[in-house]
Amino acid sequence: MRALRFVASLGTWAGLAGAAFAGNWTDIQDAQLRSDIELLASAGLIDNIAMHWPLPWQGLKDSLETAGGLGTQPGYIQNVADRVLQQSASATQRDHLRTELFWDATGSPAVVRGYGALGRATLQSQVSMEYMWRDTTVHLSLGAQSVNKFDHQVFVPDGSYIAQRLGDTYIYAGYLQHWWGPGWISALPLSTNARPIPQIGISRVSTEAFESPWLSWLGPWHFEFFVGVLDGPRVAHNTIYDGLRFAFNPLPGLEIGVSRTDMMCGSGHPCKPIAGYFDPRNDPSHTDIVNDEGSIDIRYTGAFKGLNYSVYTQLLNEDTNPFVHSGTAHLYGASVWHGFDDVIGRLTVEYADSTASMNMFGGSAWHGAVYNNYSYIDGMRYRGRTLGFSLDSDSRLMTVQASLTDAAQRSFTLTYSRVRISDPLNSSGNVVTTSPVSYNLGQARFSLPLRFTGQNVRLDLEGRFQDDQPRPNRGSMATAEAALRIGL
């Protein structure tokens, strides 16, 4: 109760859900900014490196400032380009201290956590401060949250980092969020479902193509690698976790991304990170000492008769063989955008299935394979939440989402999902539910920018209704959530 009272008092002036400004990178909480960027990519105004979030502002800004043909685009796309450039200029302003207060409260946190989802706890709060020099950025976020049975940490530094630019790379350390994949509702290898882990990493700044004739065919490209520690309550304490991602744009409209994530070391496990990382064998005669996942993402964007569109897929392999005995989870989706005077609409249809198929494109089901591991009992999870797909192993999610945004950046989003969590044949378990359950979920969210005494304020209101709940709870449930950001 003492922790809860502390959160409630702090929540009167601040909040938690990740930073709303991110300095070197786009705001990973801003779904509308992502929609704007994808719309510009589908219009051919920027390159198609847009399947990992957050994106470095510098590469995005350079691509947009040198774009040709903007004057031939519809007015609403020109307005989007201006809006993104203005956000870029504001976010990367140097020698200026920025402060933000954030507060979030809900009766019950969302189970399905798509891109830009709100809080993970019933009450949470944070204050963030940031200062950018020419090559160095310090972002400090301090806050608190109500606890649950998986996460007992009241104090949260989520979003804090220090970044140093060295040539065309950022070297960073802190608590950064990552969303790897083209999905709007789900990302199989790494998403914002779980809290960010303490990490150090390196990320490319620009997306310019190689000048070498041997590699120039790759087109614009991006690279990122980080390594961190899975601290907190675990069977294997202080497990090392790393992520590697490479994305490239070889043809207009086509982006391909490959990534790998690993768990290694930790209490009770041999710690040979270099040997384990570069040893791909994993069979009964040679057991791998790391728990790894590999994924491939493909997205194609374009325009057709006034509609801008994106079609995409993501495949996540639990085993090292890429095609046979791969243990593959699947995600498929498509989005379309259309402008109506000063209003832009987006419609997304997406399906995710974490029940692994034995082979990449078929074969019998391999129940319980995704996110679980016989050696690392905790699996690919952090503080009670899956690092990737929010519904954990052996689950399916079919979603239709419609969003409207006007020139004042007021947005309204409706989402319907058919949810199936776990499977009777999943003997490895699922952290979301104690037994399999299926239900319908409806969500409505209104995001409203405000200005009071010259301050930037954004209010998010969301209502959710579902006709059943993850076990052991039962029955329908309606809940509301409110989040408030104040930029000083």
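The values are calculated or read from the model by the stated rules, or taken from the named source; none is laboratory data. Note that this is a predicted model, so its numbers are computed, not measured. Cβ: placed from backbone, ideal geometry, glycine included. Neighbour counts: every protein chain shown.
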Which residues, counting only those in segment 36-53, are buried (at least 23 other Cβ atoms within 10 Å of the Cβ) and out of contact with any helix residue (DSSP H, G or I) (no Cβ under 8 Å at 6 or more places or on another chain)? 38, 41, 42, 51, 52
Is it the case, given these coordinates, that residue 108 is surrounded by fewer than 22 Cβ atoms within 10 Å (Cβ to Cβ), within 24 Å of the chain's Cα centre (by Cα) and either in contact (Cβ under 8 Å) with a residue 60 or more places away in the chain or within 30 Å of residue 478 (Cβ to Cβ) (or both)? yes
Of all the residues that make up segment 169-180, how many are buried (at least 19 other Cβ atoms within 10 Å of the Cβ) and out of contact with any His (no Cβ under 8 Å at 6 or more places or on another chain)? 5
Given the criteria in a strand (DSSP E or B) and modelled with pLDDT under 95, does residue 288 qualify? no
Name every residue in segment 390-429 that is over 23 Å from residue 480 (Cα atoms) and part of a strand (DSSP E or B), in order of residue number. 396
Collect the residues in segment 291-327 that are at pLDDT 90 or above and farther than 21 Å from residue 187 by Cβ, keeping them in residue-number order. 302, 303, 304, 307, 308
Which of (1) surrounded by 17 or more Cβ atoms within 10 Å (Cβ to Cβ); (2) of a type in the set (Val, Ile, Thr); (3) not in a loop (DSSP other than H, G, I, E, B) is the odd one out, the single condition residue 432 does not satisfy? (3)
Can you tell me which of 16, 64, 40 is modelled with pLDDT of 90 or more and more than 20 Å from residue 165 (Cα to Cα)? 40
Does segment 198-214 contain any residue that is in contact (Cβ under 8 Å) with a residue 12 or more places away in the chain, surrounded by 17 or more Cβ atoms within 10 Å (Cβ to Cβ), more than 30 Å from residue 134 (Cα to Cα) and not aliphatic (A, V, I, L, M)? no
Filter result for residue 300 (hydroxyl-bearing (Ser, Thr, Tyr), outside any loop (DSSP other than H, G, I, E, B), in contact with a Pro (Cβ under 8 Å, 6 or more places away or on another chain) and more than 20 Å from residue 414 (Cα to Cα)): no
Does at least one position in segment 303-324 carry a residue that is part of a strand (DSSP E or B), surrounded by fewer than 16 Cβ atoms within 10 Å (Cβ to Cβ), among the aliphatic types (A, V, I, L, M) and touching a residue at least 40 places away in the same chain (Cβ under 8 Å)? no
Would you mind stating whether residue 212 is among the hydroxyl-bearing types (Ser, Thr, Tyr), modelled with pLDDT under 95 and over 28 Å from residue 310 (Cβ atoms)? yes
Looking at the structure I just gave you, is residue 62 surrounded by fewer than 19 Cβ atoms within 10 Å (Cβ to Cβ), over 19 Å from the mean Cα position of the chain (by Cα) and closer than 21 Å to residue 405 by Cα? no
Please go through segment 113-135 and give me each residue that is touching a strand residue (DSSP E or B) at 6+ places or on another chain (Cβ under 7 Å), surrounded by fewer than 24 Cβ atoms within 10 Å (Cβ to Cβ) and assigned to a loop (DSSP other than H, G, I, E, B), ordered by number. 115, 118, 121, 122, 135
When segment 228-252 is examined, which residues are found to be among the aliphatic types (A, V, I, L, M), farther than 19 Å from residue 210 by Cβ and modelled with pLDDT of 95 or more? 229, 230, 240
Unmet criterion (only one of (1) at pLDDT 90 or above; (2) closer than 27 Å to residue 158 by Cα; (3) in a helix (DSSP H, G or I)) for residue 9: (1)
Would you check if there is a residue in segment 378-397 being more than 25 Å from residue 177 (Cβ to Cβ), at pLDDT below 95 and not polar (S, T, N, Q)? no
When residues of segment 146-165 are limited to those that are under 13 Å from residue 24 (Cα atoms) and in a strand (DSSP E or B), the one nearest to the chain's Cα centre (by Cα): 161
Say we look at segment 83-93 and pick out the residues that are in a helix (DSSP H, G or I) and hydroxyl-bearing (Ser, Thr, Tyr); which of these is modelled with the lowest pLDDT? 90
Of the conditions (1) under 30 Å from residue 433 (Cα atoms); (2) assigned to a loop (DSSP other than H, G, I, E, B); (3) not charged (D, E, K, R), residue 96 satisfies every one except a single condition; which number is it? (1)
So, residue 368, is that one out of contact with any helix residue (DSSP H, G or I) (no Cβ under 6 Å at 6 or more places or on another chain), surrounded by 17 or more Cβ atoms within 10 Å (Cβ to Cβ) and not in a strand (DSSP E or B) or not? yes
